[in-house]
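Everything below concerns the one structure shown next.
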Amino acid sequence: MKFKALVHKAEEGGYWAEIPALPGCATQGETFEELQQNLCEAVQGCLAAGAPLAQITDHPILEIAL
C-alpha cells in the first residue's frame with residue numbers, strides 16, 4: 001500500500017506530517033528521516049485501529065510504502 005503525506009516544517013523546529021487518506025493520522029519528527037520512520041508507524045497504527053480511508057487527494061509531497 002502507498003500513501004501520500006503532507007509534510008510541514010514545525011515552527012519550533014523539525015517537521016510534522018499528515019496522511020490525507022487517513023483522517024486524523026499525523027506525526028512529527030526532529031529530522032526528515034525521523035519523520036519518515038514515524039509516518040510508517042503512524043500509518044500502520046491507524047490501519048490496525050481500523051481507521052477508514054478517505055477520498056484520496058492529490059498532494060504529491062512524500063510517498064511511503066508499507
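The values are calculated or read from the model by the stated rules, or taken from the named source; none is laboratory data. Model, not experiment: these values are computed from the prediction. Don't worry about glycine lacking a Cβ; one is built from the backbone with ideal geometry, like all the others, and counts go over all protein chains shown. To get the accessible areas, we keep the full protein, side chains included, count just its heavy atoms, and leave off ligands, DNA and RNA. Shrake-Rupley method; radii C 1.70, N 1.55, O 1.52, S 1.80 Å.
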Query raised in the report: Could you list, in sequence order, the residues of region 3-25 that are open to solvent by 60 Å² or more (accessible area, probe 1.4 Å) and among the hydrophobic types (A, V, I, L, M, F, W, C)?
Result: TRP16
**Report entry** Residues of region 1-36 that turn out to be among the aliphatic types (A, V, I, L, M) and assigned to a loop (DSSP other than H, G, I, E, B), as a count
**Finding:** 5
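For region 33-40, check the following and say yes or no: at least one residue is modelled with pLDDT of 90 or more and loosely packed, with under 12 Cβ neighbours inside 10 Å. If you could, list the steps in order and put the result at the bottom.
Step one: list which residues in region 33-40 are modelled with pLDDT of 90 or more, which gives 33-40.
Right, trim to loosely packed, with under 12 Cβ neighbours inside 10 Å and you get 33.
Yes, some residue in region 33-40 is modelled with pLDDT of 90 or more and loosely packed, with under 12 Cβ neighbours inside 10 Å.
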Requested in this report: Please name all residue pairs, on different chains or six or more residues apart, with Cβ atoms under 7 Å, provided the first residue is in region 28-42 and is free of Cβ contacts under 8 Å to residues at least 60 places away in the same chain and the second residue is aromatic (Phe, Trp, Tyr) and open to solvent by 70 Å² or more (accessible area, probe 1.4 Å).
Outcome: GLN28/TRP16
